[in-house]
Amino acid sequence: MFFAQNKPASKTKPKVTLAILNYNGVEYLESFLPMMLYSCEKYEAEVVVIDNNSSDGSSEYIREWHPEIKVVELTKNYGYAAGYNIGIRDIDSEYIVFMNSDVLVREKWLDPIIEMMDLDQKIGAAQPLVLSLENKAEFEYAGAAGGYMDILGYPFCRGRIFDRIEKNSGQYDGIHEVFWASGAALVTRTALFSKTGGFDTGYFAHHEEIDYCWRIKRAGYKVVCNSAGVVYHLGGGTLAYDNPRKTFLNFKNNMLTLLTNEAMPGLLIIFIIRLILDGIAGLKFILEGKAGSTMAIIKAHFQVYASLPALIRQRSEINAVIRRYGIGKSNSAGRYYGSIVADYFLLGKKYFTDLKIK
């Protein structure tokens, strides 16, 4: 355990709020929270911990060791999406940073990102480089150097395609538009987040940041990765990457995102292809001895089918919000109009640089 000196309390309205969602993660708070206090030097910042009804003494730890940090205590575990939506209701800073509790930050990592967003009002969301805490020379699965999405709605990253993770040699340095920003360290404008509806609470966890980024891109905003900011993510802190529960949430939420945001009539063709590919993924899990993950895919599909009437209504409501708050044409930067599945498994393109994306 290490501790940073507490910053003196400020009466100035913060420009940035780092919102950290926590559920029974007191060991992560002990290890990573102190450095988060030093995320900014140029801008007034505050740290808020949103506790999803933990039973491990998380709130007590913060009150004892970090009385300068506000704790929002929720009455039950609302998950990532609803937990954040509820927990930030009273935040009025210009920017909000959604931070995972298992992230180690570099000092002043936020300064270049906030400076960049101040200069370009069309940037709606951003992320730093997300490197692995266990191997700091490598990118981390959840975000790497910014997220992309292929023609069929499969997400991948600069620096990570499926389970193939690259070493960081500076190949993705600079400021680049991407399709989605990592929920491990997602920076966005508080007002934009609020007026576009926040995270979709039907997701519970996983993929909600991709859905949010797609929505604001449809409204004309940019999503970028700025390598001048760097954080280190432990990853798998809540659910292991091969956990059937995570498989269920990833497949269900990916389909929800596609059905909510993809344009017609292409959506119908894409959805049929996805049914076939998800079936193949289920067979692959069986051959690997992971029958639980196969059942998770089946369960995900049936839950999506059951929610189709509500999805149709929601799609109409979201389109209305985008028309109301849009600042320009839909922004397709970061969309890859090829199939990452075919490229990776059939053509052997294992790295982002193999895809020849500009």
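Brief remarks on what is shown
- Tabulated pairs, region 337-358, first more than 22 Å from ASN168 (Cα to Cα), second surrounded by 15 or more Cβ atoms within 10 Å (Cβ to Cβ) and aromatic (Phe, Trp, Tyr), C-beta under 7 angstrom, 6+ apart or interchain: VAL341/TYR154
- Screening GLY266, GLY289 for residues that are more than 19 Å from the chain's Cα centre (by Cα) and on the phi > 0 side of the Ramachandran plot leaves exactly one candidate, GLY289.
- Condition check for LEU249: farther than 19 Å from ARG313 by Cα, crowded, with 16+ Cβ neighbours inside 10 Å and at pLDDT below 95: yes
- Residue check for ASP211: farther than 17 Å from TYR141 by Cα, outside any loop (DSSP other than H, G, I, E, B) and in contact with a strand residue (DSSP E or B) (Cβ under 9 Å, 6 or more places away or on another chain): yes
- Residue among TYR325, TYR305 that alone is out of contact with any strand residue (DSSP E or B) (no Cβ under 9 Å at 6 or more places or on another chain), at pLDDT below 95 and surrounded by fewer than 19 Cβ atoms within 10 Å (Cβ to Cβ): TYR305
- Counted residues, region 165-208 - those being of a type outside the set (D, E, K, R) and either in a loop (DSSP other than H, G, I, E, B) or over 22 Å from LYS122 (Cα atoms) (or both): 24
- Residue count for region 129-162, restricted to those that are of a type in the set (Phe, Trp, Tyr) and in a strand (DSSP E or B): 3
- Any hit, region 221-236, residues being in contact (Cβ under 8 Å) with a residue 60 or more places away in the chain, assigned to a helix (DSSP H, G or I) and in the same structural domain as ASP111 (by TED's automatic domain parsing): no
- Some residue of region 259-273 being surrounded by 21 or more Cβ atoms within 10 Å (Cβ to Cβ), in contact with a strand residue (DSSP E or B) (Cβ under 8 Å, 6 or more places away or on another chain) and not small (Gly, Ala, Ser): no
Residues are listed down the side, and each one gets a yes or a no for (1) of a type in the set (Phe, Trp, Tyr); (2) touching a Pro at 6+ places or on another chain (Cβ under 7 Å); (3) at pLDDT 95 or above; (4) surrounded by fewer than 16 Cβ atoms within 10 Å (Cβ to Cβ):
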| site | (1), (2), (3), (4) |
| --- | --- |
| ASP120 | no, no, yes, yes |
| GLY124 | no, no, yes, no |
| ASN135 | no, no, yes, yes |
| ILE161 | no, no, yes, no |
| LYS167 | no, no, yes, yes |
| ALA184 | no, no, yes, no |
| GLY202 | no, no, no, no |
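- Test: residue in region 35-45 that is over 18 Å from VAL187 (Cβ atoms), surrounded by fewer than 21 Cβ atoms within 10 Å (Cβ to Cβ) and out of contact with any helix residue (DSSP H, G or I) (no Cβ under 9 Å at 6 or more places or on another chain): no
- Entirely in region 7-113, the helices (runs of 4 or more DSSP H) that have 2 or more residues that are among the aromatic types (Phe, Trp, Tyr) and modelled with pLDDT of 95 or more: 26-36, 58-65
- If the condition is being within 24 Å of the chain's Cα centre (by Cα) and over 28 Å from ASP120 (Cβ atoms), then region 317-342 contributes GLU317, GLY338, SER339, ILE340, VAL341.
The values are calculated or read from the model by the stated rules, or taken from the named source; none is laboratory data. What you see is a predicted model, and the numbers here were worked out from it, not measured in a lab. Counting neighbours? That spans all protein chains shown, and the Cβs are built from the backbone with ideal geometry, glycine included.
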